[in-house]
Amino acid sequence: MRQTVLTVSTSGPGLYEITGRAAQFVRESGVETALLTVFVRHTSCSLIIQENADPDVKRDLHVFFRRLVPPSDDASMDWVVHCTEGPDDMPAHIKAALTETSIGIPVADGRLMLGIWQGIYLFEHRDAPHRREIVLHLS
């Protein structure tokens with residue numbers, strides 16, 4: 001087993017690709033066959049595997065989630081109670097609940113078995129910059 005923690009600095013909502021860093025960790029481990037578990041240690045961001053070729057996909061996902069779960073100061077969100085850290089606080093928790101905090105990716109021949117257009121992303125849901133920790137665990 002091998003494990004490391006990545007730190008990702010975010011500058012607001014959006015997708016931050018970590019595929020290269022995860023692939024490098026796997027390569028440097030020397031492991032040929034395994035499962036890479038990617039786990040984010042926060043409740044207001046998440047992880048997704050998504051297309052990494054067309055930047056419009058990232059933009060469209062961001063717009064979709066913002067429309068699906070707008071800030072709590074939007075009239076449609078008047079039911080929200082938890083807003084301790086601002087109008088993006090509870091919506092960020094909802095978006096994280098709708099996505100994943102942990103992803104498993106098979107490793108074969110020392111490489112991540114992602115499809116040709118797939119990338120691993122930290123999906124930041126908060127407006128303010130954050131430093132996010134992502135655990136990579138290879139077993």
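The values are calculated or read from the model by the stated rules, or taken from the named source; none is laboratory data. Everything numeric in this text was worked out from a predicted model, so none of it was measured. Here Cβ is always computed from backbone atoms with ideal geometry, including for glycine, and neighbour counts include all displayed protein chains. With ligands, DNA and RNA removed, areas are computed over all heavy atoms of the protein, side chains included. Shrake-Rupley method; radii C 1.70, N 1.55, O 1.52, S 1.80 Å.
Points to keep in mind about this one:
- Out of Glu17, Glu51, one residue alone is of a type outside the set (Phe, Trp, Tyr) and open to solvent by 80 Å² or more (accessible area, probe 1.4 Å). It is Glu17.
- A residue that is modelled with pLDDT of 95 or more, more than 15 Å from Phe25 (Cβ to Cβ) and crowded, with 19+ Cβ neighbours inside 10 Å cannot be found anywhere in the range 101-113.
- When His42 is tested against (1) outside any loop (DSSP other than H, G, I, E, B); (2) open to solvent by 40 Å² or more (accessible area, probe 1.4 Å); (3) under 30 Å from Gln3 (Cα atoms); (4) in contact (Cβ under 8 Å) with a residue 40 or more places away in the chain, just one condition goes unmet, and that condition is (1).
- Single condition Val57 does not satisfy, out of (1) over 21 Å from Pro129 (Cα atoms); (2) surrounded by 12 or more Cβ atoms within 10 Å (Cβ to Cβ); (3) touching a residue at least 60 places away in the same chain (Cβ under 8 Å): (3)
- Positions within the range 60-86 being acidic (Asp, Glu), over 17 Å from Arg126 (Cβ atoms) and open to solvent by 80 Å² or more (accessible area, probe 1.4 Å), in sequence order: Asp78
- Filtered residues of the range 9-39 (kept if farther than 15 Å from Tyr121 by Cα and in a loop (DSSP other than H, G, I, E, B)): Gly30, Val31, Glu32, Thr33
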